[in-house]
Number of protein chains: 2
Amino acid sequence: MNKRRITSKELAKLAGVSSATISRAFSPDSRIGSATRDRILSVAREHGYQPNAIARSLNNQRSRLVALVVNAIGNPCEAEEQQLLVHRLQARQLLPIILCCADHDDRLQLMRLASTYQVDHVVVFSDMVSMQDAVDIFHTTKPIIVSFEPLDNENVSNIRIDGAAAADEIIEKIVNDGKKRFAYLSGTKSSWIDKLRRKWFADALARRGMAIEAEAFGDYTYDSGFKEAVLLLHRSKVDAIICGNDVMAIGARDAARRMLGKNTPDDIAIVGQDGIAMAAWDCNDLTTLSLDHVAFIDAVVELIERHDADLPGPHSITLTCNARWGSTA
Amino acid sequence: MNKRRITSKELAKLAGVSSATISRAFSPDSRIGSATRDRILSVAREHGYQPNAIARSLNNQRSRLVALVVNAIGNPCEAEEQQLLVHRLQARQLLPIILCCADHDDRLQLMRLASTYQVDHVVVFSDMVSMQDAVDIFHTTKPIIVSFEPLDNENVSNIRIDGAAAADEIIEKIVNDGKKRFAYLSGTKSSWIDKLRRKWFADALARRGMAIEAEAFGDYTYDSGFKEAVLLLHRSKVDAIICGNDVMAIGARDAARRMLGKNTPDDIAIVGQDGIAMAAWDCNDLTTLSLDHVAFIDAVVELIERHDADLPGPHSITLTCNARWGSTA
DNA sequence: CATGATTGTGTACACGATTACACAAACAGA
DNA sequence: TCTGTTTGTGTAATCGTGTACACAATCATG
């Protein structure tokens, strides 16, 4: 039952050819008689033979593995994009290796581990890993690194996100509704992308002679959104909270309603960011700064394909966000 | 910049030893002088050398890769467990390859692709893939297959889930609350695990001389829960809906409230399954048949470790579910 | 000091594929 | 028929490790 996998040499003997010919039968553009190929493929099917990808990778210098560096799998804000990307990679016969970043030491060690597998590409979705670390770890091999944080390095490609206009629209509406005092609830203290997002809203407020009056830091989870919103609303009289992502926004909405009896959008305006599916659920109906997930993953895949085929081209793609209106602001 | 990765032979020259000694310096239990090892490790660090895992796998017949077969990444019911498992694998220097099952053709081809990478273990969380298919594809290599669906095969290990007692508790309470007519909203039409879950509740009802009166089939998503609940409530007068998972239960709750003006738990009782974190959020507060995620993943990891170390032992672990009470039933 | 065990290192091969090169057979064109 | 090209296949080297085996040096023991 636990039979060993058959090798190309063994199959060669069975088919009465050399192992080189076996290899040729499996590579589409190689010189081989069509009768021979058919015979080999049929014998291969019969014995369940498939070329060993590990051996091929060693020879090819090409593993067809992609490292996917993410914060968490469970967090819905990333999950939809992860899901989409995994599908697209698989359709291209690329296998994703998931690297989940928990705490700081892990992260680097994990990336080093993955780098020993000679991954062809690296996609960094996590904002908890510095691009410089990633480049240092992967620079000896050829992977491209796709991420938000720009870095001037020939191996790094970027997806740039522009949410300034959408943030302006959202602020416009909230201000028109009579809200005056804004708080910003960040997802992390130190991440590059979080600072960028905050700036969009801060600029939109500045344009109207206003500013972010209160600030708090969570960790992108519902619980942190809930807890920080409670503290925030107790220590300052804000009537609008912009949150670092949708999940925290839902937590903040629940906290306002449950702990302070404040309802959206009359007593308080709450805005999320990401535009996850859950934000549109009837029970949430969140106003959020949304990024088109399909367009985003299209861009990532395009950068990867460009690199895979050694095509030159710009190393940066810019996407713009949209406001998605719900009943919370 | 795009420097090639250094090989053991090159490092050997730099350190003035043979490449075999390099290899020994990196395997903890091999005969090597400690002075030599220290010198090699220091030179290695200096030049950024790390053994090539692909070459090692080829030689070892051991890839340290684990195929993780899942339905979807975005679906929260699996995501928490996926997250936990990935962490635990990484702590053991095992790298997970994610296989996402979209439609059926993909699935088999995807598993075949992964099998060419000589994965050491296979974990099947997806209920959309038949265990027999998995065994057929991976039987030539040595992976163990961990999953719910039992299959009498020496290569398959199982996690058995027992929710009968908890389902009984939940039904007990709902019946005591005066509810009389139960519907079951399945997650899929054909999955093994879904049938099992349905049976727990059907048996609990039968013990009280009752039965499932209406039935519908969704696909584990919020939208399907919402839509099917609307149809269900229009075509039959049920006052309790047991759902295949928590996400559908939230959808069903929203549908009842929004489309029919029925509130939980007075007008209708709604029960989920899985016990995901989101179910406990203040805005959801779902009553659900919950499985301890940590215990579940502990069990999966134990089966994998047992197999990794070639230890004998039972190929099956049974876990029992608990009722988690919320305000929806 | 003689002998046997232990330690440390190098040599050579295996892992399973791909591919440059060589070469025979078939075929084309004069 | 002779020459030159094309086609199909085998031989052998390669990718970067790990390890069985051999062997010299060191150590323990009487």
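When the residues of the range A:147-172 are filtered to those that are under 13 Å from A:F201 (Cβ atoms) and not small (G, A, S), the one that is surrounded by the most Cβ atoms within 10 Å (Cβ to Cβ) is A:I171.
The set of residues in the range A:1-16 being open to solvent by less than 50 Å² (accessible area, probe 1.4 Å) and away from DNA strand C (no atom under 11 Å from the Cβ) consists of A:A15 alone.
Of the helices (runs of 4 or more DSSP H) contained entirely in the range B:1-108, those carrying at least 3 residues that are within 8 Å of DNA strand D (Cβ to nearest atom) and in contact with a helix residue (DSSP H, G or I) (Cβ under 7 Å, 6 or more places away or on another chain) fall at B:8-15, B:19-26, B:53-60.
For A:L113, work out the one condition from (1) open to solvent by 20 Å² or more (accessible area, probe 1.4 Å); (2) among the aliphatic types (A, V, I, L, M); (3) more than 10 Å from chain B (Cβ to nearest Cβ); (4) under 15 Å from A:V69 (Cβ atoms) it doesn't fulfil. Of (1) open to solvent by 20 Å² or more (accessible area, probe 1.4 Å); (2) among the aliphatic types (A, V, I, L, M); (3) more than 10 Å from chain B (Cβ to nearest Cβ); (4) under 15 Å from A:V69 (Cβ atoms), only one is false for A:L113: (3).
Inside the range B:41-78, residues that are closer than 25 Å to A:L58 by Cα, more than 11 Å from DNA strand C (Cβ to nearest atom) and among the hydroxyl-bearing types (S, T, Y) make up a count of 2.
Would you confirm whether any residue within the range B:297-313 is more than 24 Å from A:P76 (Cα to Cα), assigned by TED's automatic domain parsing to the domain that holds B:L89, open to solvent by less than 20 Å² (accessible area, probe 1.4 Å) and touching a helix residue (DSSP H, G or I) at 6+ places or on another chain (Cβ under 6 Å)? So far as the range B:297-313 goes, yes, one or more of its residues are more than 24 Å from A:P76 (Cα to Cα), assigned by TED's automatic domain parsing to the domain that holds B:L89, open to solvent by less than 20 Å² (accessible area, probe 1.4 Å) and touching a helix residue (DSSP H, G or I) at 6+ places or on another chain (Cβ under 6 Å).
Of the residues A:A204, A:A252, which single one is over 29 Å from B:P76 (Cα atoms) and open to solvent by less than 10 Å² (accessible area, probe 1.4 Å)?
A:A204
Residues in the range A:78-108 that are buried (at least 24 other Cβ atoms within 10 Å of the Cβ) and more than 19 Å from B:A102 (Cα to Cα): A:L99, A:C100.
Of the residues making up the range A:48-100, those that are at the interface with chain B (Cβ under 7 Å from one of its Cβ atoms) and among the aromatic types (F, W, Y) number 0.
Within the range A:263-277, can you find the residues that are within 14 Å of chain B (Cβ to nearest Cβ) and either among the basic types (K, R) or open to solvent by 10 Å² or more (accessible area, probe 1.4 Å) (or both)?
A:N263, A:T264, A:D274, A:A277
Do we have B:N71 as more than 30 Å from A:T7 (Cβ to Cβ) and in contact (Cβ under 8 Å) with a residue 24 or more places away in the chain here? Considered against the rule, which asks whether it is more than 30 Å from A:T7 (Cβ to Cβ) and in contact (Cβ under 8 Å) with a residue 24 or more places away in the chain, B:N71 comes out as yes.
So that you can scan it fast, the table gives a plain yes or no per residue for (1) touching a Pro at 6+ places or on another chain (Cβ under 8 Å); (2) modelled with pLDDT of 95 or more; (3) among the charged types (D, E, K, R); (4) under 15 Å from B:W281 (Cβ atoms):
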residue	(1), (2), (3), (4)
A:A214	no, yes, no, no
A:D219	no, no, yes, no
A:A229	no, yes, no, yes
A:L232	no, yes, no, no
A:R235	no, no, yes, no
A:A240	no, yes, no, no
A:G261	no, no, no, no
A:I268	no, yes, no, no
A:G272	no, yes, no, yes
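Within the range B:22-40, the set of residues being surrounded by fewer than 15 Cβ atoms within 10 Å (Cβ to Cβ), more than 8 Å from DNA strand C (Cβ to nearest atom) and either hydroxyl-bearing (S, T, Y) or over 28 Å from B:Q118 (Cβ atoms) (or both) comprises B:S27, B:D38. Scanning the range B:157-166 turns up no residue that is within 13 Å of chain A (Cβ to nearest Cβ) and out of contact with any Leu (no Cβ under 6 Å at 6 or more places or on another chain).
The values are calculated or read from the model by the stated rules, or taken from the named source; none is laboratory data. Here the structure is a predicted model, which is why all the values come from computation and not from measurement. Note that we place each Cβ from the backbone using ideal geometry, even for glycine, and neighbour counts take in every protein chain shown. For accessibility, only protein heavy atoms count, side chains too; no ligands or nucleic acids. Shrake-Rupley method; radii C 1.70, N 1.55, O 1.52, S 1.80 Å.
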